[in-house]
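Any read-out appearing in this document is the output of simple, stated calculations on the displayed coordinates, not a laboratory observation. Fair warning: this is a prediction, and the values are worked out from it, not measured in the lab. Heads up, the Cβs are rebuilt from the backbone with ideal geometry, glycines too, and the neighbour counts pull from every protein chain shown.
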Amino acid sequence: MAAVDDRIVDDHAKGRIISDAPLSRPVPVGLRYDPGFSPETVRFVFPGAVEWSFPRALLETGMRTPTRRGDIGVWPCGRVQTVVELHRDDGVTVVQFDTTALLRFLKHTYAASTSMTTR
């Protein structure tokens, strides 16, 4: 975890773009959280400066049970993967993550939230 200050979380994870192609494609994803800007929101940043912001609770709940809010869906895929589905006007992007990477990110976001309230 890299931090610009002691509250901003800037983690990284490898996702896999799931499509109709025979092989999935790996993609680096920035996992960001800034409790000073929006304490209930996480951001996923994809190559090409494509950024999606959504409630941290959506990610957390979706890792246990399928959930959707607006253009974003999250659901568990087996015991060790989590899928994030992102809808745009021009199509849908489905990205599969190792659940451990997302759990680690969530742990970092809660630690950052706690440090903010204990100052």
At 222 nm, what value in deg cm²/dmol follows for the chain if DSSP H runs of at least 4 each add -39500 (n - 2.57) and the sum is divided by all its residues, to the nearest 500? -7000 deg cm²/dmol
Simple Cβ-charge dipole of the chain, Lys/Arg +1 and Asp/Glu -1, about Cα centre, in debye nearest 20: 380
Ordered by packing density, taken as the mean number of other Cβ atoms within 10 Å over each peptide's residues, highest first, how do 13-20, 85-92 rank? 13-20, 85-92
I need to check one value: relative contact order of the chain, counting alpha carbon pairs closer than 8 Å and at least 6 residues apart, in percent. 22
